[in-house]
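Notes follow the structure.
The values are calculated or read from the model by the stated rules, or taken from the named source; none is laboratory data. Note that the structure is a prediction, hence the values are computed from the model and not measured. Using ideal geometry, Cβ is built from the backbone for each residue, glycine included, and neighbour counts are taken over all protein chains shown. The protein model used for the area step is the full one, side chains on, heavy atoms only, and it has no ligands, DNA or RNA in it. Shrake-Rupley method; radii C 1.70, N 1.55, O 1.52, S 1.80 Å.
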Amino acid sequence: MKRLLILGLTLSMCSSISRASDVPFDFEVLQYRAKTLATKPYAERPNRVPESLRKLNYDQYRDLRFNPDSAWWRRDRLPFQLQFFHPGFIYNRTVQLSEVNDGKTELIRYDKDLFNFGANRGIGSIPSDMGFTGFRVHYPLNSPEYYDELAVFQGASYFRALGQGMRYGLSARGLALNTAEQGGEEFPVFEEFWVERPGDKAKQIVIYALMDSPSVTGAFRFIITPGPSTVMEVKTAIYRRKDVAVFGVAPLTSMFWFGETTSNSYEDLRPEVHDSDGLLVQRGNGEWLWRPLSNPKSVRVASFSDENPKGFGLVQRDRKFESYQDLEAHYHERPSVWVEPVGAWGAGDVRLVELPTPDETQDNIVAFWVPKKLPSLEDPVKLEYKLHWFVEGKGGRTPPAGYAMATRIGRSATHEPELVRFWIDFTGPYLSNQPFGPTITPNISVGAGAKLVNQSIEKNPYNGSWRVAFAIKPDGKGTPVELRCFLQKPPHILTETWSYLWNP
């Protein structure tokens, strides 16, 4: 308590903690600042970006690039380096960055010499306190000779990372507020960052962020450990100025345009286009749940109630190049992200929001945890979790039993056209080694709005997977139908539970 009182007196005399200070900086200091900020009405920070930069068009902005030779810590030959994003075009909301060295902070000031402006002329003077629109972390991830991009923090509270051999895909966020609510979503913003100077042989980098928005403030700490599967340890304390309808923790944002579960009616040569193809949940009781993603005709929200979940994530399960045929986007190399709670999260639900999208340029998938009960407004929401950026076989989260590798849906124009048909392929080491026989059976449940008409199961002799085929007959009322399926060898359950919401 004594330290907090000293902090309060010191901070009240300082206009910004990002400037050099005698107060040792740590998460407790940042948390106190977020708490103090929450007691004041929200005020959007002034825009420091000159009009000349905001008027740049897309091509002009692309010609404005960071000079890699100016990377932060490059001259010191430290294991991590920072590069900064220049404001301009639509990127006109800046953040302030500071370096933390032995508990002392020093503002990283904007400097034109850090950038190559290309053909851009007549930009005029730029204020030294303008800041940047974000930054990226570099590390010799794939080879000792080259500093690859490891992580990026840019835009609202968005960030993303890579493990070895991956390409950027889905993103994470600090917080999701009122997602898919009629009043519109609120996007909290990371206003300031502090990055700890790494040691000469550091294997981790530590980043702090201060969040602000009309409804909340927050303190965040990220400990990033690069590797085959890059892991982010996230610690956060959120202070609310007011209650919100949806308080979404550890949100993940991705894109699903079309895939196996949808028809390709876009005259696109690629069989599938998506950053993720399913939501994977490991419930508190140990059950694994798989929900294939879709591009719905209207906004669709699904909730999976649970208590003390073991984890959830958006997963790119299909890793075959042939499934995408894309030599530019490399969708088969995009990471999956798994949220692993640290400690007991209590009761709540994993929520999946699917939005319609006309193309691959828009993220339309969001997944997050919604606590059933929050503390009073006077108390912070404190949570810790790990984010695993992975591909299968490299530290990822895969059900130990069998799992669904493909989902297909169709109808027959000539044979019983009133039926909707589903084909689910399950695979896994145990299943692949089992001979076909009557002891392995599908367990299929069909919710209100349709009835199960027929079902079958057979083993694929070409890849060892097991295919479940079944048909449902809708009742004609237009009701969405919940479907579930898993394989069993009584009394044992052999696979995760495949879950799907079919819309007429």
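Tabulated results
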item	result
For the stretch 112-138 and the stretch 339-395, distance of Cα centres in Å	34
Formal net charge of residues neighbouring GLY88 (Cβ-Cβ distance under 9 Å; K, R +1; D, E -1)	+2
Computed E for ASN443/ALA43 - FRET, C-beta separation, R0 51 angstrom, nearest 0.05	0.35
Acute angle (nearest 10 degrees) that the helix 2-12 long axis makes with the longest principal axis of the chain, alpha-carbon atoms	70
Summed residue charge, Cβ within 12 Å of PHE115's Cβ, Lys/Arg positive, Asp/Glu negative	-2
Entries of LYS320/LYS372; LYS35/LYS203; LYS35/LYS372; LYS235/LYS310 with Cα pairs more than 29 Å apart	LYS320/LYS372; LYS35/LYS203
Relative contact order (%) - the chain, alpha-carbon pairs under 8 angstrom, separation at least six	11
The stretch 102-190: GluC sites (Glu not before Pro) in DSSP coil with no more than 10 other Cβ atoms inside 10 Å	GLU145
Candidate lysines - alpha carbon under 25 Å from LYS477, same-chain residues fewer than 8 apart omitted	LYS297, LYS451
Residues with amide H under 5 Å from that of GLN316, placed H, sequence gap 5 or more	ASP277, SER336, VAL337
³J(HN,Hα), Karplus 6.51/-1.76/1.60, whole Hz, each residue of the stretch 185-196, x for Gly, Pro	7, 9, 10, x, 10, 6, 8, 9, 10, 10, 10, 6
Heavy-atom accessible surface of the stretch 259-351: percent carbon and sulfur, 1.4 Å	46
Partners for LYS201 among aspartates and glutamates (Cα-Cα distance below 15 Å; same-chain residues under 8 apart left out)	ASP76
Mean Cα-pair separation over length for the stretch 307-425, i.e. relative contact order, pairs under 8 Å, 6 or more apart, %	23
FRET efficiency, 1/(1 + (r/R0)^6) with R0 35 Å, evaluated for TYR266 and LYS477 via beta carbons	0.70
Within the accessible area of the stretch 141-256 (1.4 Å probe), percent carbon and sulfur	44
Accessible area expressed per residue, the stretch 317-437, with surrounding protein chains retained (probe 1.4 Å, Å²)	47
Mean residue ellipticity (222 nm) of the chain, computed from DSSP H runs ≥ 4 via -39,500 (n - 2.57), nearest 500	-2000 deg cm²/dmol
Quotient of Cα Rg and 2.2 N^0.38 Å for the chain, N being how many residues it contains	1.06
Degrees separating the helix 27-38 axis from the principal Cα axis of the chain, which is the longest one	90
Over the stretch 304-366, relative contact order from alpha-carbon pairs under 8 Å, at least 6 apart, %	40
log₁₀ of I(q)/I(0) at q = 0.10, 0.12, 0.16 Å⁻¹ - the stretch 158-279, Debye sum with one point per alpha carbon	-0.44, -0.61, -0.93
DSSP beta bridges in the chain [antiparallel fraction, %, rounded to 5]	95
Alpha carbon centroid spacing (whole Å) that separates the stretch 234-298 from the stretch 173-224	20
